[in-house]
1. Based on DSSP, what percent of beta bridges with both residues in segment A:339-422 are antiparallel, to the nearest 5?
2. When all alpha-carbon pairs of chain B are counted, what percent fall beyond 31 Å?
3. Only four residue types carry charge here, +1 at the Cβ of Lys and Arg and -1 at the Cβ of Asp and Glu. Report the dipole size of the protein assembly as shown about the Cα centre in Debye, rounded to the nearest 20.
4. For A:ASP48 and A:LEU289 in one chain, what is 0.36 nm times their gap in residues minus the Cα-Cα distance, to one decimal in nm?
5. If you count, for every residue in A:16-25, the Cβ atoms of partner chains within 10 Å of its Cβ, what is the mean?
6. Where a ≥ b ≥ c are the square roots of the eigenvalues of the C-alpha gyration tensor, would you call segment A:74-149 rounded, which needs a/c under 1.5, or, failing that, prolate if a/b is larger than b/c, or oblate?
7. Please arrange B:ILE75, A:ILE24 by how many other C-beta atoms lie within 10 Å of their C-beta, fewest to most.
8. Modelling each spin label as a point 7 Å along the Cα-to-Cβ direction, I'd like the A:GLN340/B:GLU419 distance in nm, to one decimal.
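Please treat every number below as a calculation from the coordinates, not as lab data. Please read these numbers as outputs of a predicted model, since none were measured by experiment. Heads up, the Cβs are rebuilt from the backbone with ideal geometry, glycines too, and the neighbour counts pull from every protein chain shown.
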Protein chains: 2
Amino acid sequence: MSFRAVKGTRDFYPEDMRVLNWIIDGWRRVSLRNGFEEYDSPIFEYLDLFTAKSGDEIAGQLFSFTDRGGRQLAIRPETTPSLARMVNAKISSLPRPIKWFSISRLCRAENPQKGRLREFFQWNVDVIGEDSELADAECIFAVADFLREVGLTPDEVKICIGSRPLTIAALRAAGVPAEATDAALAVLDKRPKVTPEDFDRLARGIGMTDRQIAAVRRFQDCRSTAEVGEVLAGAGPEVRGQIDTLGRMLESLSAMGVADYCCVDMRIVRGLAYYTGIVYEVFDSAGDLRALAGGGRYDNLLEVLGGPRIGATGMGMGDAVLRILLEQRGKLPSTLRSGQLEFFVVADGTGMQQQVISVVGALRAKGLSADFSYKQQALGKQLKEANRRGAKRAVIVREAGVAVKDLKTGQQQDRATDEFLARPL
Amino acid sequence: MSFRAVKGTRDFYPEDMRVLNWIIDGWRRVSLRNGFEEYDSPIFEYLDLFTAKSGDEIAGQLFSFTDRGGRQLAIRPETTPSLARMVNAKISSLPRPIKWFSISRLCRAENPQKGRLREFFQWNVDVIGEDSELADAECIFAVADFLREVGLTPDEVKICIGSRPLTIAALRAAGVPAEATDAALAVLDKRPKVTPEDFDRLARGIGMTDRQIAAVRRFQDCRSTAEVGEVLAGAGPEVRGQIDTLGRMLESLSAMGVADYCCVDMRIVRGLAYYTGIVYEVFDSAGDLRALAGGGRYDNLLEVLGGPRIGATGMGMGDAVLRILLEQRGKLPSTLRSGQLEFFVVADGTGMQQQVISVVGALRAKGLSADFSYKQQALGKQLKEANRRGAKRAVIVREAGVAVKDLKTGQQQDRATDEFLARPL
């Protein structure tokens, strides 16, 4: 008999786990310093919760199952529906704005590809109950703050910012009828992923004329609010209001010191139907990876899930593409390559294992990491194990006293056992 | 439309999440200082992996499903099968002993009860590739080290230690035939949970005579290796060897300074069939909760899952019972009650939001937690929000400079903005 992991899932051996934890710790540290509070939801929910948000077509991307009571359940493929459910359940008692983050394990029944897995981790930050573009700026700032934290520079990654209402205004201005909006957004979302010819074919396929296609192209090529203002010069005050909102958000990001990570890019549409405002995606500059992160404003979702109509905006970043980029760019600290131990305690001579164990127990009781060899073996072999385990120091236990050896410098110091245990560092 | 969480699962709102994270951080800190390295496995596996270890009857406790390729999968109900699979896959390259820990999300299709949920978190520590009782001692020490870490005293919790081979020897000595061993172990495992009359009825039900029942009772009432030695005085050298092993393990735990958490208790059998040596469970002294943790030696499991025959021992502790006990005993730190922010930045006057935002951005860039009010409102209201958010200090931004107010003492100090941002703490 032989067993293996299911395709598209990952085994995290210690060396992989250290990397995952380093990423997760970064997500958590950045979230907390940005004033977000952590929450989590169950790994499985009623199937309805997911189909209510994203329609039945998502059911094919879900791992769903039936419990013994005949209830239809599914492993969560994303966090937002659970977030909306949790907020709705306590909407009257939660002070606003609700600034929450989560680090969720998610599963999708996809065909595994590079950077796309059937199980992955995703960092989510959301601000609920705030209509101001400051809330969008906060989510984007959190992303930039994390990118900076892990050493990815503005030359290496960019947060590309678009706008759903401005894109819809451009479709209207180009003469695309309202009933074709959803189909047109889906086609526009594909533009960066297909050839110009295929894009034209897709656009014609939903009934767009060549003039409409050219007009929309011109809008999508805008890289500043000023350019958007020119292209949509004929639009009404509502559209100008949206341009101003985007401009104010960029000013806030500039005041917060992360303008160099951000750019206006009207090609960004986002696939999901529920976005209602500013939308963004994060790409590596080399451009050969999927989006690192994406997000935007979704003011209708809580209402769809049985709650009030309330402003909401949020962002999600998965671990898979991020890790590929961090590896490509050499951003993973070398300290992650091996474990870390403060002390490895060894015996200089036989019959001293109880003394070794008692030194180990005393060090751990002080909150210090310490380990020892289960085998009674020669000092040299024990020291070799200490090195393999990444220990900083060896504590050599003798008939009388101990010697503390720095395993980097090789320096060694004799100390009385009691005195050492009183001040081990 | 209205949505809720599935029964037996939990929503972790921020106040609950802080408690869960406090528990998980403790598990991780203690594991690392005890020299264990973290791993994780996928949340779902092939169904076979779980049924191969624990038989088909476990299938009823699993959430299983079929993917689009027709493969039978299941959400993991425990971590050990995945651990064994992962170790087997790299058995020839992993240096031994393998000291690993995990903090796993697990799901079981149970009827939810107090301390028993359909989704929970479990801390596992395992030592693989080591036959010495030192490996068992290390797992037990890790448990004691954690109990001490969260402030549970030896008066409040006890690690009760039994032995599978000694229990089987007692059955043999009492004249229970070998073919009745598994049934008898299952009955003995129930003894602490049923009345004496029900225990007798169960034991008679599998064919045990009253004399056999009395003899086994006498063995199970042993509370020291000396008593076990007396009861099994007529047994052979192998049994005496097992008693010595248990004795040496207790001496090691004593040398490590946690003897007061440990007691010999021959009632401990453990339900699962795969244990082969020392077994233990952790109980609160009041005795009104389920076991907090349990573990033991399982030398056959890796072989059952397609690997070599190799010594292995490990322990699991869930979060649900632990949390109930920590709450009952008032061990949760009061700091978990609200969020923690280093700075809340407020504006003294209108039209200064960009300055506020830029101070916030600068503080976060220094790795310090900082937040602000999205609403432009009176200073008093902003300070109220600062207090509600659990901020330690308010930074009051003025036309010229800032004032830093300690929100506990009320002390306030004027500072130049640049000078403050250079040394905010």
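1. Approximately 50 percent, going by the DSSP bridge assignments.
2. 53 percent
3. 120 debye
4. In short, 83.5 nm is gained.
5. Rounded to a whole number, the mean comes out at 2.
6. oblate
7. Values: B:ILE75 25, A:ILE24 15.
Ascending Cβ contact count within 10 Å gives the list A:ILE24, B:ILE75.
8. It works out to 3.6 nm between the two label points.
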